[in-house]
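Since the structure comes first, as structure tokens, the remarks are kept for the end.
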Amino acid sequence: MKVTILGTGDSPGTPVIGCHCKTCEDARKKGWERLRFSILVENNGKTILIDTSPDMRKQLLKANVNRVDAVIWTHSHYDHFAGFGDFYRVQNNVAVYSSGEVLEDVGRFMFFMKYRENQVECYEPFNLFGVDITLVDVTHPPMRRSHGVVLNYMGKKVVVTGDTNPAIPEKSIDEMLNPDLLIADAIAPEGYRLKKHMNAGEAFSLAKKLKSKKTLFIHVGHFYPPNTKYPLARDFESFEFRGVNLEDFL
Ligand SMILES: [Zn+2]
Ligand SMILES: [Zn+2]
Ligand SMILES: [Zn+2]
């Protein structure tokens, strides 16, 4: 299983339109950016997208994705679904997965598109192309539902918190425990008090609570200085997870 973080930015992305802070100016000067939130999961030659960011076209072209086999939507904020239309014209009837509430809310914006809805329940794993996937509830007011995503593949575990504040339900924490890789919402450094998201300190506390082996911050805003000590993910950073092959031991 290969996991590629296609976009590490918050909803305006970095640089922010019209912003001349140190970080945005650094991005313009050096030519780097943070695209909006989407994660590509590849296994057995198939592709799954966790969220379809407004930068989808650029992300799919750059990551050489020829075809999208499934989409999981974590919640119905613009920066997490709006790019679905970018491959709607090249590919019809894509299978999408989420809770009934999220499908309904996103569906109001997507009324003119055809796709195959698959309603899934939180805490009930389903399998896509050899990867076990479990959605969990997280807390992202004023959204009525927002989900984290837990990927299990041959003994390896990747947890994506999705957009959440630190008040994650204990039932979700139980499901998220002991990840090999935690991809955590941390929109701003410590000291920022936020209602919808975690700051870096809160994301570190979550990593500790979950006993995460490796943690990366995502949904990162321009609030971090250009050269920060925090473990911010980079756009298009990718990770391979190989299961244990019994034949290696024979
Ligand atoms: Zn977001
Ligand atoms: Zn800025
Ligand atoms: Zn959101």
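The values are calculated or read from the model by the stated rules, or taken from the named source; none is laboratory data. These numbers come from a predicted model, not from an experiment. When we count neighbours, we look across all protein chains shown, and the Cβ atoms used for this are built from the backbone with ideal geometry, even at glycine. Just so you know, the surface numbers come from the protein's heavy atoms only, side chains and all, with ligands and any DNA or RNA stripped out. Shrake-Rupley method; radii C 1.70, N 1.55, O 1.52, S 1.80 Å.
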Problem set entry | Leading residue by the ranking (farthest from ligand 2 (Cβ to nearest atom)) among those in segment 206-227 that are among the polar types (S, T, N, Q) and part of a loop (DSSP other than H, G, I, E, B) | Ser212
Exercise. Out of the residues in segment 178-196 that are in contact (Cβ under 8 Å) with a residue 40 or more places away in the chain and part of a loop (DSSP other than H, G, I, E, B), which is surrounded by the fewest Cβ atoms within 10 Å (Cβ to Cβ)?
Worked result: Lys195
For this session: Would you please name the residue that is farthest from ligand 2 (Cβ to nearest atom), looking only at residues in segment 228-243 that are under 18 Å from Gly7 (Cβ atoms) and touching a Phe, Trp or Tyr at 6+ places or on another chain (Cβ under 9 Å)?
Result: Pro231
Exercise. Which one is modelled with the lowest pLDDT, of the residues in segment 223-250 that are charged (D, E, K, R) and over 29 Å from Ser11 (Cα atoms)?
Worked result: Asp248
For this session: Would you please list the contacts, defined by Cβ atoms under 7 Å and residues six or more apart or on different chains, that run from a residue in segment 119-133 that is within 14 Å of Met154 (Cα to Cα) to a residue that is open to solvent by less than 50 Å² (accessible area, probe 1.4 Å) and among the acidic types (Asp, Glu)?
Result: Phe129/Asp69
For this session: Scan segment 80-107 for residues that are in contact with a Pro (Cβ under 6 Å, 6 or more places away or on another chain) and open to solvent by less than 20 Å² (accessible area, probe 1.4 Å) and report the count.
Result: 1
For this session: Quick one: in segment 150-177, of everything that is open to solvent by 20 Å² or more (accessible area, probe 1.4 Å) and not in a loop (DSSP other than H, G, I, E, B), which residue is farthest from Glu42 (Cα to Cα)?
Result: Glu170
Exercise. Are there any pairs, at least 6 apart or on different chains, whose C-beta atoms fall under 8 Å, with the first in segment 1-22 and farther than 26 Å from Phe239 by Cα and the second at pLDDT 95 or above and buried (at least 17 other Cβ atoms within 10 Å of the Cβ), and if so, which?
Worked result: Val16/Cys24; Val16/His222; Cys19/His222; Cys21/His222
Problem set entry | Enumeration of residues in segment 4-42 that are exposed (fewer than 15 other Cβ atoms within 10 Å of the Cβ) and more than 11 Å from ligand 2 (Cβ to nearest atom) | Lys29, Lys30, Gly31, Trp32
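Considering each residue of segment 55-78, count those that are within 11 Å of ligand 1 (Cβ to nearest atom) and crowded, with 23+ Cβ neighbours inside 10 Å, and give that number. Explain how you work it out, then say what you get.
Keep residues of segment 55-78 that are within 11 Å of ligand 1 (Cβ to nearest atom), which gives 74-78.
Filter again for crowded, with 23+ Cβ neighbours inside 10 Å, leaving 74-75.
Total satisfying the criteria: 2.
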Exercise. Among the residues of segment 198-211, how many are within 17 Å of His75 (Cβ to Cβ) and open to solvent by 20 Å² or more (accessible area, probe 1.4 Å)?
Worked result: 0
For this session: Inspect segment 123-134 for any residue being among the polar types (S, T, N, Q), in contact with a Ser or Thr (Cβ under 9 Å, 6 or more places away or on another chain), open to solvent by 50 Å² or more (accessible area, probe 1.4 Å) and in a strand (DSSP E or B) and give the result as yes or no.
Result: no
For this session: Kindly establish whether Lys46 is touching a Phe, Trp or Tyr at 6+ places or on another chain (Cβ under 8 Å), under 17 Å from Thr8 (Cβ atoms) and basic (Lys, Arg).
Result: no
Exercise. Going by the conditions given, is Lys157 farther than 28 Å from Asp69 by Cβ and of a type outside the set (A, V, I, L, M)?
Worked result: no
